Amino acid sequence: MSQYRRVLTVQDISCVGQCSLTVALPVLSACGAETCVLPSAVLSTHTGGFTGFTFRDLTEDMPSILAHWQKEGIDFDAIYTGYLGSTKQIDYVKAIMNGVSADGCVKVVDPAMADHGKLYYGFDQPFVEAMKTLCAQADYLVPNLTEACFLTDTPYTEEYDQAFILTLLEKLTALGAKNVIFTGVSYSPEKNGVAVYENGVYSYYEHEMLPNGCHGTGDIYASAFVGALMRGKSAYDAARIAADYAVACIKNTATLENHWYGAAFEPVLGQLIKALED
Ligand code: PXL
């Protein structure tokens with residue numbers, strides 16, 4: 001393998017629910033990257049559909065973890081952030097991005113905080129404002145439509161055209177994000193896709209629209225995108241490979257009964273590995 005990169009991913013451990021670290025670790029490992037983790041919180045399950053879950057916020061552990069890594073001279077080729085546990089934590093994550101980046105470190109921010117027009121349970125406007133400041137540090141920002149609307153103070157709508165998406169992309173880069181990989185962009189009822197905005201240049205990868213979605217698909221997407229980037233793929237190719245893999249995961253999940261809480265991504269990891277070899 002030509003590229004062996006060390007990635008740090010910062011997101012929660014939802015013990016059950018196939019999202020966040022229980023997705024990012026296996027997907028990044030399958031892509032061939034050394035994967036280091038910084039758990040932002042530990043929950044018994046994710047917050048999307050379960051009730052009564054536990055939540056242990058790990059914000060206060062972050063400064064001493066950073067200090068230890070710095071003492072050991074540990075640094076990372078990529079830092080990829082997902083679901084974060086508190087507004088204060090976002091400041092610590094920014095310090096981590098500045099403190100343990102190797103030369104040329106690629107910073108990927110998935111502003112995992114909202115979907116289907118709504119913030120996830122527990123998030124509020126101050127969290128959105130803090131997330132905007134983290135987006136400013138991103139080499140690649142990976143929002144869905146809802147997150148893009150929250151981050152740009154745009155009313156959420158499912159009726160839009162390319163001009164609307166371009167305006168959102170411009171506003172997201174105005175926050176400071178260098179490039180944007182905008183998932184779930186659909187210009188016709190039968191098609192879904194990903195808009196890639198790289199150095200101000202728009203491109204679009206279209207794929208089929210599936211009748212069902214799955215919880216955790218955003219995490220699968222962002223993890224596969226980072227993994228493909230680490231394998232030396234271009235942003236567009238990484239966006240395409242991640243989209244095809246997310247589609248395969250959703251299709252695989254649709255074959256199962258009662259698998260409502262996440263996507264069955266593991267049985268189709270082979271497809272991702274193969275796509276990376278092409
Ligand atoms: O997949 C996003 C996500 C991650 N982590 C937790 C969540 C969610 C979405 O609901 O609740 C804890």
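The values are calculated or read from the model by the stated rules, or taken from the named source; none is laboratory data. In this text the structure is predicted, and so the values were computed from the model without any measurement. Cβ: placed from backbone, ideal geometry, glycine included. Neighbour counts: every protein chain shown. Heads up: the accessible areas ignore ligands, DNA and RNA and are worked out on the full protein's heavy atoms, side chains in. Shrake-Rupley method; radii C 1.70, N 1.55, O 1.52, S 1.80 Å.
Residues in segment 26-40 carry Karplus couplings, in order, of x, 5, 5, 4, 4, 6, x, 9, 5, 10, 9, 10, 10, x, 7 Hz; the curve used is 6.51 cos²θ - 1.76 cosθ + 1.60 with θ = phi - 60°, and Gly or Pro positions show x.
Ordered from highest to lowest accessible area with the whole protein assembly present and a 1.4 Å probe, His116, His215, His68, His207 read as His116, His68, His215, His207. Between Thr54 and Ser203, the modelled label-to-label distance comes to 4.7 nm, taking each label 7 Å out from Cα in the direction of the beta carbon. Which of the pairs Lys107/Lys274; Lys132/Lys171; Lys171/Lys191; Lys88/Lys178; Lys191/Lys233; Lys171/Lys233 have their Cα atoms more than 18 Å apart in this structure? Beyond 18 Å between Cα atoms: Lys107/Lys274; Lys171/Lys191; Lys88/Lys178; Lys191/Lys233; Lys171/Lys233. Database remark: amide H of Lys107 closer than 5 angstrom to the amide H of Ile79, Asp139, Tyr140 (H placed geometrically; neighbours at sequence offset of 5 or more, or on other chains; Pro and chain starts carry no H).
When the surface is traced with a 1.4 Å probe over the full set of protein chains, Lys132 keeps roughly 30 Å² accessible.
Ranked from largest to smallest solvent-accessible area, with a 1.4 Å probe on the protein heavy atoms, Arg231, Arg6 come out as Arg6, Arg231.
When Arg56, Arg5 are compared by accessible area at a 1.4 angstrom probe, the order from most to least is Arg56, Arg5.
Once the Cβ-Cβ distance between Gln3 and Tyr236 is put in as r, and R0 is 22 Å, what FRET efficiency do you end up with, to the nearest 0.05? The calculated FRET efficiency here is 0.80. Rounded to whole numbers, the Karplus 3J(HN,Hα) couplings from phi for segment 91-96 are 5, 5, 5, 5, 5, 5 Hz, using 6.51 cos²θ - 1.76 cosθ + 1.60 with θ = phi - 60°, and x at Gly and Pro. Below 8 Å between Cα atoms, with a sequence gap of 6+, how large is the relative contact order for the chain in percent? The normalised contact order for the chain reaches 17 percent.
In the elastic network of the chain, a GNM with C-alpha springs shorter than 10 Å, the most mobile of Thr173, Thr183, Thr54 is Thr54.
The helix-based estimate of mean residue ellipticity at 222 nm for the chain, built from -39,500 (n - 2.57) per DSSP H run of four or more residues and divided by its residue count, is -12000 deg cm²/dmol to the nearest 500.
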